[in-house]
Amino acid sequence: MVKRVVILGGGTGGTLTANRLRRVYSDTEIEIAVIDQDDCHVYQPGLLFVPFGLAHAEDIVRPRGRQFHHGIDYVKSAIDHVDLETNSVQLTDGSTLGYDVLVIASGAVLVPEETDGLVGPGWMEKVFTFYSPEGAAALGAALSRFDGGRLVVNVVDMPIKCPVAPLEFCFLADWYFCERGIRDEVQLTYVTPLDGAFTKPIASQRLAGMLADKRVELVTEFNTGEVDGKGGRLIAYDGREVGFDLAVVIPLHSGAAYVGRSPGLGDSLNFVPTDEHTLQSHAAPNVFVIGDAANVPASKAGSVTHFEGEVLVENVRRYLAGESLDASFDGHTNCFIETGFHKALLIDFDYETEPLPGHYPSSVGLPLLAESRLNHLGKLMFESFYWHGLLPGRDIPGISSAMPTAGKRPAAANVSRKD
Amino acid sequence: MSTSTIANIDVELNNEGFFVDPDQWTVDMVSELALREGIEELTDAHWQVIRFMRSEYLAKGTGPTVRVLGKTSGVSIKELYQLFPKGPAKVAAKIAGIPKPRGCI
C-alpha cells in the first residue's frame with residue numbers, strides 16, 4: 001500500500017527532505033506532500049548582504065514550488081494544527097491531510113512583538129532587523145542615509161538563526177563605512193546576552209579579538225527588556241542602557257505558531273523536542289524534525305539542516321521498514337563568517353567538538369578560524385550550490401554529514417592565536 | 001573545578017560555580033548558596049523559582065533559560081530580575097544545584 005509522508009514547511013529542510021525521499025522511493029511506494037503558507041523560498045544567507053547593497057532582496061527569493069523534483073505534491077496553505085492522535089494535519093482552509101510519517105521542517109519565526117517597544121515608535125525608522133527580506137531592504141535604505149553616530153547591533157536572546165550573522169553584520173558595517181570614508185564618524189557597538197562574542201570559547205576569543213581590531217565595542221550579558229525607538233535606547237532587564245542613533249536588532253525567535261496549537265507537539269517556545277541523534281520527535285515515533293524547528297542543541301543554521309538531511313531520510317526509511325533507527329547525527333555545523341574586505345573565516349564543529357583552528361575538510365583545504373580570501377569566495381559560491389546542489393538533495397564530494405577531524409589542531413586549542 | 005563546603009557537606013563546583021553533580025545538592029544548602037550570590041533573604045517567590053528550576057532540570061535534563069522561565073514559572077521576567085538581579089537563570093541554577101542552562105548555542 002502507498003504510504004504518505006507529509007512535510008510541513010518548504011524551506012531548506014523541507015525541500016531537501018522531499019527531494020531526497022523522492023529519489024529513494026518511487027511514487028508507487030510513497031506519496032510526498034509539502035505544505036507551506038507561501039511560495040517564497042528565501043536564500044537566507046543572502047539577507048546579510050542586502051543592507052550593504054551587495055545583494056538585492058528580490059534576487060535571493062525564488063518560488064518554493066520550483067525547487068521540488070517531479071512527483072512531489074506542493075500544497076500552498078497555512079497550517080492550523082497537527083493532531084498526533086489521528087495522524088493528521090488540519091489546514092486553515094478547512095481540509096485535513098492524513099500521514100504515515102510527518103516531517104516537521106517549519107523552521108523558526110521572528111517574534112519582535114515579544115520585546116517591549118521593539119515594534120513601537122521608531123520601528124523601521126531607527127530600529128531595523130536584517131532577518132527578513134523587507135527588514136534587510138529597509139535597513140539598506142537607512143544605512144545609505146546614515147552619515148555618522150552610534151550604530152548598535154543587538155541580539156535580544158538566543159536561540160537565533162545563524163548565530164554568527166550579527167557578528168558578520170558588524171564586520172561588514174566596519175568595511176562599509178570605511179569604503180564610504182566615514183568610519184571615524186561611526187561608533188559601532190555589539191550588544192549580546194552572551195558572556196562573550198560567541199557561544200564556543202575558542203571561537204569566542206578569536207571573534208572578540210576581531211571585533212576589537214575593527215573598533216567594534218562589545219557589550220556582554222545584556223538582556224534587552226525594552227527598546228525605546230523614539231529615545232534611541234536599549235534598556236536591559238537589570239536597568240543598564242545602551243543609546244543608539246540606528247539599531248539593528250535580531251528579535252526573539254520561536255517555532256511556528258501551529259506547533260503551539262498542536263497538543264503535545266512543542267515546548268514553551270514552540271520548538272519541537274527531538275532526539276538529537278535520530279531526529280525523531282519525542283512527541284510520536286512517526287514524527288521527525290529537521291532544521292530550526294527542532295530543539296536539538298545545535299546552531300539553527302542551513303549547514304546543520306543540510307547535514308541532518310541524510311540521517312533524517314535514512315531514519316524515515318528505517319521507520320517505514322520497521323527497522324531500528326540510525327542514531328548518527330553528530331551536530332555537525334559549518335559556517336563561513338564574512339569579515340569584510342573580501343575575506344571570510346570558516347568554522348566547523350559538532351555537539352562535542354568546538355570550532356578549532358586548522359583546515360577543512362582535511363589538512364589540504366580551507367583555513368579554519370582564520371581570515372582568507374578563499375573562504376570569502378567559498379561563501380559567495382555557496383549560493384549556487386544551495387539552489388542547484390543542496391536543495392535537490394545532492395551531497396558535496398568530499399564533504400560528509402559527520403564532522404571531519406583530519407585537518408584540525410586540538411593542541412592549538414589552548415594557545416591564543418593572533419594572526 | 002573546585003571543592004566547596006556548603007551546609008557542612010563537600011561538593012564539587014565547576015569554574016563558573018555550577019554544581020558538577022546535581023545529586024550532591026540538598027535543600028539545606030539553599031540559604032548558604034543564596035548568600036554566596038548576594039541574596040540575604042529568600043522570599044516565597046525565590047523558592048518558587050528555585051524549586052521550578054530544579055524540577056525542570058530533573059524532568060528535561062536542562063534548566064530553563066530566562067525567557068522560558070518567564071513563560072512557564074508563573075513569575076514574569078521583570079520580577080525574575082528583581083529577585084535575582086545578577087541574572088535569574090544563572091543564579092537560580094547555581095542555587096538550585098543544577099548545571100548552567102543550555103539555552104545558548
Complete set of residues in region A:312-336 that are surrounded by fewer than 24 Cβ atoms within 10 Å (Cβ to Cβ), modelled with pLDDT under 95 and among the hydrophobic types (A, V, I, L, M, F, W, C): A:Ala327, A:Phe336
Listing of strands (runs of 3 or more DSSP E) fully contained in region A:270-360 that carry 2 or more residues being assigned by TED's automatic domain parsing to the domain that holds A:Ser372 and either over 27 Å from A:Leu48 (Cβ atoms) or aliphatic (A, V, I, L, M) (or both): A:343-349
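Suppose we filter A:Gly107, A:Gly98 for residues that are surrounded by fewer than 18 Cβ atoms within 10 Å (Cβ to Cβ), small (Gly, Ala, Ser) and under 22 Å from A:Val5 (Cβ atoms); which single one remains?
Details: A:Gly107 fails: surrounded by fewer than 18 Cβ atoms within 10 Å (Cβ to Cβ).
Step by step, each of A:Gly107, A:Gly98 is checked, and only A:Gly98 is surrounded by fewer than 18 Cβ atoms within 10 Å (Cβ to Cβ), small (Gly, Ala, Ser) and under 22 Å from A:Val5 (Cβ atoms).
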Matching residues, region A:64-79, being crowded, with 18+ Cβ neighbours inside 10 Å and more than 15 Å from A:Arg4 (Cα to Cα): A:Arg64, A:Gln67, A:Phe68, A:Ile79
Subset of region A:243-287 [under 30 Å from A:Pro121 (Cβ atoms), within 14 Å of another protein chain (Cβ to nearest Cβ) and of a type in the set (Val, Ile, Thr)]: A:Ile250
Enumeration of residues in region A:294-308 that are within 13 Å of chain B (Cβ to nearest Cβ) and among the polar types (S, T, N, Q): A:Asn295, A:Ser299
Test: residue in region A:377-395 that is surrounded by fewer than 17 Cβ atoms within 10 Å (Cβ to Cβ), assigned to a loop (DSSP other than H, G, I, E, B) and modelled with pLDDT under 90: yes
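Return yes when B:Gly38 is within 14 Å of chain A (Cβ to nearest Cβ), out of contact with any Gly (no Cβ under 6 Å at 6 or more places or on another chain), exposed (fewer than 14 other Cβ atoms within 10 Å of the Cβ) and touching a residue at least 24 places away in the same chain (Cβ under 8 Å) and no when it is not. Quick ask: steps written out before the conclusion?
Values: within 14 Å of chain A (Cβ to nearest Cβ): yes; out of contact with any Gly (no Cβ under 6 Å at 6 or more places or on another chain): yes; exposed (fewer than 14 other Cβ atoms within 10 Å of the Cβ): yes; touching a residue at least 24 places away in the same chain (Cβ under 8 Å): yes.
Against the criterion (within 14 Å of chain A (Cβ to nearest Cβ), out of contact with any Gly (no Cβ under 6 Å at 6 or more places or on another chain), exposed (fewer than 14 other Cβ atoms within 10 Å of the Cβ) and touching a residue at least 24 places away in the same chain (Cβ under 8 Å)), B:Gly38 qualifies.
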Residues (more than 10 Å from chain A (Cβ to nearest Cβ), surrounded by fewer than 20 Cβ atoms within 10 Å (Cβ to Cβ) and assigned to a loop (DSSP other than H, G, I, E, B)) located in region B:41-74: B:Glu41, B:Leu42, B:Thr43, B:Gly61, B:Gly74
Region A:346-367 - residue that is under 20 Å from the mean Cα position of the chain (by Cα) and in contact (Cβ under 8 Å) with a residue 40 or more places away in the chain and, of those, surrounded by the most Cβ atoms within 10 Å (Cβ to Cβ): A:Pro355
Residues of region A:192-242 satisfying the condition of being within 14 Å of another protein chain (Cβ to nearest Cβ) and among the hydrophobic types (A, V, I, L, M, F, W, C): A:Leu194, A:Ala197, A:Phe198, A:Ala203, A:Phe222, A:Ile235, A:Ala236
When residues of region A:124-160 are limited to those that are part of a strand (DSSP E or B), buried (at least 20 other Cβ atoms within 10 Å of the Cβ) and not β-branched (Val, Ile, Thr), the one nearest to the chain's Cα centre (by Cα): A:Asn154
Condition broken by B:Ser2, with the remaining ones in (1) under 14 Å from B:Lys94 (Cα atoms); (2) away from chain A (no Cβ under 14 Å) satisfied: (1)
Residues being in contact (Cβ under 8 Å) with a residue 40 or more places away in the chain and either in contact with a helix residue (DSSP H, G or I) (Cβ under 8 Å, 6 or more places away or on another chain) or not in a loop (DSSP other than H, G, I, E, B) (or both) - total across region A:236-268: 17
Answer residue from region A:10-26, given it is surrounded by 20 or more Cβ atoms within 10 Å (Cβ to Cβ) and polar (S, T, N, Q) and is farthest from the chain's Cα centre (by Cα) among those: A:Asn19
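Out of the residues in region B:91-105 meeting the condition of being part of a loop (DSSP other than H, G, I, E, B) and more than 8 Å from chain A (Cβ to nearest Cβ), tell me which one is nearest to A:Val156 (Cα to Cα).
The qualifying residue nearest to A:Val156 (Cα to Cα) is B:Pro101.
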Some residue of region B:75-90 being farther than 20 Å from A:Pro297 by Cβ, among the aliphatic types (A, V, I, L, M), within 14 Å of chain A (Cβ to nearest Cβ) and free of Cβ contacts under 8 Å to residues at least 24 places away in the same chain: yes
Residue list for region A:215-229, filter: buried (at least 19 other Cβ atoms within 10 Å of the Cβ) and outside any strand (DSSP E or B): A:Phe222, A:Asn223, A:Gly229
Of the criteria (1) buried (at least 19 other Cβ atoms within 10 Å of the Cβ); (2) assigned to a helix (DSSP H, G or I); (3) of a type outside the set (Asp, Glu); (4) at pLDDT below 95, which one A:Leu211 fails: (4)
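The values are calculated or read from the model by the stated rules, or taken from the named source; none is laboratory data. As the structure is a computational prediction, the values presented were derived from the model and not from experiment. FYI the Cβ positions are ideal-geometry reconstructions off the backbone, even for glycines, and counts take in every protein chain you see.
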